[in-house]
Amino acid sequence: MAERAAKQLELNKSELPNSITEVIATLTRAGFDAYIVGGGVRDTLLGLRPKDFDAVTDAKPHEIKDVFGKRCRIIGRRFQLAHVYSGRELIEVATFRGPPTNDANTNQDGMILRDNVWGDIQQDFSRRDFSINALYYQPLKGIVHDFCGALDDIDNRIIRLLGNAPVRIEEDPVRLLRALRFKAKLGFEFDEALSAQFNDGNWALLEQISPHRLYDETQKMFTGGYLVPLLPLLFESGAIDSLIIYPPSEPSALVNQVAINTDKRIAAGKSINPAFFYAALLWENYLHQLAKAKKRNMPFAEAQMHAAGKVIDRQRIKTAIPKFAEQFIRDIWILQPKLAAPRSKQIVQLSEHPRFRAGFDFLLLREQCGDAEHPLSESTNDMGDWWQTYQTLSEQEQQQAIDEFDENIRRGAYKKGQRGRGRNRQESKTQTTDNATPNQNSTKQNKADDRAEKGRNDQTMVNDSSNIPARRRRAASQSKAGRTDGGRHNVQQVEQDNNELAQLQQLSLANKKTIGKPASKA
Ligand code: ATP
Ligand code: MG
């Protein structure tokens with residue numbers, strides 16, 4: 001065992017939050033051993049801001065309760081620990097764990113069902129998951145205990161399971177998910193023994209983990225601020241199959257876009273709802289179910305509810321999405337066509353919807369990544385821009401914008417069929433010629449509406465084959481029909497033309513983005 005001076009490691013008591021120092025000091029005064037352990041030590045050593053500080057002590061849960069009284073609550077069955085409030089902060093205080101003593105604590109696969117056997121600090125360190133999470137820092141005494149070369153692993157940026165790797169995964173397969181999370185967060189590499197644990201057999205063990213625990217784990221993953229590096233790891237490792245129903249082979253453009261946005265929001269200290277990421281992850285599933293329900297001629301609103309319910313019910317088998325999160329996800333999805341093609345009478349009501357902001361953000365993100373191009377997706381009509389502007393207006397200006405919205409509809413600027421809810425890309429394609437006439441009578445005041453309309457026209461132009469030179473158009477339609485043009489166009493030529501066509505479409509999409517700047521206040 002190595003005992004190091006905290007000072008040598010540049011750990012300074014004064015840099016810790018008062019809450020954790022107070023909890024350690026109170027336990028020490030009461031005659032117990034107490035340390036900071038886990039991410040609080042690891043991240044401070046790495047110069048990162050720890051998400052939280054966890055404490056560990058030789059005091060048993062009821063003794064911790066005696067020390068802190070009303071500000072302590074004992075929680076957990078599988079892993080009992082104390083929640084201690086210090087000011088407004090909540091500190092998790094665990095009791096040193098020892099090895100499981102009898103079969104009642106594990107199942108026949110060696111999985112730990114209950115981990116409530118008390119032990120000493122030496123036993124406790126070997127029960128922790130990774131070496132980098134097993135440093136014990138006593139800030140009042142200014143010492144750090146390193147029982148397992150954890151400091152070297154931090155220096156070498158290595159994630160290493162403590163003990164026998166396969167046994168530690170059998171005990172608790174959630175450690176695989178934790179390993180991916182720490183890899184993404186810290187940019188460390190797995191050692192060989194840990195790398196070897198990412199196999200189908202071990203992923204199958206996750207099926208025995210309760211959906212509640214897996215939901216908690218996904219929450220930690222989605223709200224850590226490192227979703228962008230984590231996403232490819234979840235897909236490449238196969239973890240995603242344990243977490244999401246019918247996952248695609250790689251993250252969709254929307255999922256990537258939402259990941260970028262989520263990390264940015266967290267870095268800027270903005271609030272995020274982890275269910276928002278679920279809404280993106282399950283969006284394609286929802287669209288698929290919605291298309292099926294529509295085919296069965298269900299009324300649209302009913303089809304939406306049916307599809308959302310089906311997707312979330314199935315997902316619950318993997319991760320237990322709580323009721324409030326379910327409502328949030330459902331509202332985001334159901335708001336999409338309403339925001340994309342609002343009726344003017346609904347605009348105020350929509351903007352006051354408790355989930356308006358989330359639904360609007362989702363709409364914008366869909367626009368940013370070209371989600372409307374997805375075969376099952378519906379056009380956003382570039383309404384993200386309209387709503388963005390709308391929110392910047394005074395009450396009076398908002399009313400004016402609504403009146404002008406009505407006026408535009410009366411003048412036929414938004415063609416009837418175009419505003420129908422549930423309109424999909426196919427329909428928008430067929431309406432291209434109808435919509436191709438720009439709104440010529442526009443005045444300064446209806447700038448926002450014009451912009452939305454212009455966006456609609458731009459959108460339709462992307463899909464409008466009349467923008468494509470004739471030779472390419474022919475090639476495209478021929479390739480769709482699966483034939484070549486009597487030798488004049490060989491397969492290669494058609495392929496090349498198709499590539500050009502795709503590039504052209506992308507260019508039009510890129511142009512579209514420059515149109516989407518918010519309008520200045522009218
Ligand atoms: P962060 O809080 O930044 O996500 P952390 O390392 O503090 O990371 P927590 O989930 O807060 O992670 O857990 C605190 C500590 O408890 C860990 O550092 C680790 O020592 C131990 N621990 C947590 N979960 C497990 C587990 N499944 N198996 C073994 N030890 C664990
Ligand atoms: Mg922690």
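Each reported figure results from applying straightforward, stated rules to the coordinates on display, with no laboratory input. This structure is a prediction, so every number in the text was calculated from the model and none was measured. Cβ atoms come from the backbone with ideal geometry, glycine included; neighbour counts cover every protein chain shown.
Things worth noting here:
- Over the range 99-181: Kirkwood hydrodynamic radius from C-alpha pairwise inverse distances, Å: 14.0 Å
- Overall dimensions of the range 2-156 by Cα: Rg and Dmax, Å: 15.4, 48
- Over 25 Å apart at the Cα level, from the set K220/K323; K51/K310; K13/K183; K294/K338; K295/K338, are K51/K310; K13/K183.
- In order along the range 203-219, the Karplus-derived 3J(HN,Hα) couplings, from 6.51 cos²θ - 1.76 cosθ + 1.60 at θ = phi - 60°, round to 5, 4, 4, 5, 4, 7, 7, 5, x, 5, 5, 5, 4, 4, 5, 5, 4 Hz, and Gly and Pro are given as x.
- Kirkwood-type radius of the range 150-196, with distances r between different C-alpha atoms, in Å: 10.8 Å
- Net charge in the neighbourhood of V311 (other residues with Cβ under 13 Å of its Cβ; Lys, Arg +1, Asp, Glu -1) is +3.
- Charged neighbours of G110, selected by a Cβ distance under 9 Å, balance to -3 (K, R count +1; D, E count -1).
- Taking amide H as placed 1.01 Å from N in the peptide plane, R97 has its amide H under 5 Å from the amide H of G119, D124, each at least 5 places away in sequence or on another chain.
- Note on K70 and L140: the extension gain reaches 22.7 nm, defined as 0.36 nm multiplied by sequence separation minus the Cα-Cα distance.
- At 0.692 mPa s and 37 °C, Stokes D of the range 303-409 from Kirkwood alpha-carbon radius, µm² per second: 218 µm²/s
- With N the number of residues in the range 244-428, Rg(Cα) / (2.2 N^0.38 Å) evaluates to 1.04.
- Residue-count net charge about D58 - beta-carbon cut-off 13 Å; Lys, Arg +1, Asp, Glu -1: -2
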